[in-house]
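One structure is given below, encoded as structure tokens.
The values are calculated or read from the model by the stated rules, or taken from the named source; none is laboratory data. For clarity, every value in this text was computed on a predicted model and none was experimentally measured. Methodologically, a virtual Cβ is constructed for each residue, glycine included, from the backbone with ideal geometry; neighbour enumeration extends over all protein chains shown.
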Amino acid sequence: MHTNPLFESWFWFLSFVIVGTDIIIAFVFLFGVRRALIRLGRTKADRVRIVSSLGIALFGWLVLALFLGWQEIFRSGLNQPVPYIALAIGLPILVGALFIRGSKQVREIIAAVPQSQLVAFQFYRVLGVTFLVLHAAGQLPGIFALPAGFGDVMVGLTALMVGARAGRSENDQLVILWNCLGISDLLIALATGFLSAPTRFQILSLDAPNVLIGSFPLVMIPIFAVPLSIVLHLASLSKISAAHGWVRKQAVSA
């Protein structure tokens, strides 16, 4: 039987909440892409092809993350020259960033998605309250859980407010500030989580290593939700950059 440090009732409840949220995020993401393709005037055949291809990649990633997480691949990196969890986080971010920068089709889709929706979508970050609850239950070290939990909740709640503001008027500075806040929150969470987890690089929470962050189901947050969140932040910032570039080009041509 699969073992987990969480007692059984919490384990199944968290599995339902975290995995269920990941699945909902993936479906909503694909729905947003489909809406963007409609705005671009793409044919039905093109929409089906693009959404299907993206869906296979997205859910393939999710299934792979679920399988590896369930197998406890990321629970301890003490015997790993490079902690596998670092690769599981970094590679999807790298792939996403390369597509945003190198694919004209991806940039067109991003341009067609309203900034308000791109920002408000990250309301799911309030799921970070899980870290605070587990810390209160003595399951996670405060050095990780407090900044990660409060930071995620703040970013998730402000996503709705900033998204609503972006929908009423163009306020690029506010959106840029929110994106920087969101990325900073994730970087702090990754750093404290990594340095408090049982690896050869651990320097924090030595008396109570952060084992849960690499254990299923909690590991689904850093290996799926976090990379996707960073890619969404990059997409939002690239949308602003592209808009400013277009304005400058128009000014020069005039």
Of all residues in region 158-202, count the ones that are hydroxyl-bearing (Ser, Thr, Tyr) and either modelled with pLDDT of 90 or more or at positive phi (or both). 4
Breaking point among (1) more than 24 Å from residue 66 (Cβ to Cβ); (2) free of Cβ contacts under 8 Å to residues at least 40 places away in the same chain, for residue 152: (1)
Of the numbered conditions (1) in contact with a helix residue (DSSP H, G or I) (Cβ under 6 Å, 6 or more places away or on another chain); (2) under 25 Å from residue 11 (Cβ atoms); (3) buried (at least 16 other Cβ atoms within 10 Å of the Cβ), residue 129 fails exactly one; give the number of that condition. (3)
Report, ordered by the first and then the second residue, all pairs with beta carbons closer than 9 Å, sequence separation of six or more or different chains, a first member in region 97-124 that is hydroxyl-bearing (Ser, Thr, Tyr), and a second member that is modelled with pLDDT under 95 and not in a helix (DSSP H, G or I). none
When only residues in region 145-198 that are surrounded by fewer than 22 Cβ atoms within 10 Å (Cβ to Cβ) and among the polar types (S, T, N, Q) count, which is nearest to residue 123 (Cα to Cα)? 158
Given the criteria at pLDDT 95 or above, of a type outside the set (Lys, Arg) and closer than 21 Å to residue 10 by Cβ, does residue 144 qualify? yes
Meets criteria (more than 18 Å from the chain's Cα centre (by Cα) and either at pLDDT below 95 or of a type in the set (D, E, K, R) (or both)) for residue 85: no
Taking region 95-122 and the residues there that are closer than 18 Å to residue 183 by Cα and of a type in the set (A, V, I, L, M, F, W, C), the one that is surrounded by the fewest Cβ atoms within 10 Å (Cβ to Cβ) would be 98
Check region 201-209 and report whether any residue there is of a type in the set (A, V, I, L, M, F, W, C), under 11 Å from residue 140 (Cβ atoms) and either buried (at least 16 other Cβ atoms within 10 Å of the Cβ) or in contact (Cβ under 8 Å) with a residue 12 or more places away in the chain (or both). yes
Answer yes or no: is there a residue in region 219-241 that is closer than 22 Å to residue 149 by Cα, in a helix (DSSP H, G or I), modelled with pLDDT of 95 or more and of a type in the set (Gly, Ala, Ser). yes
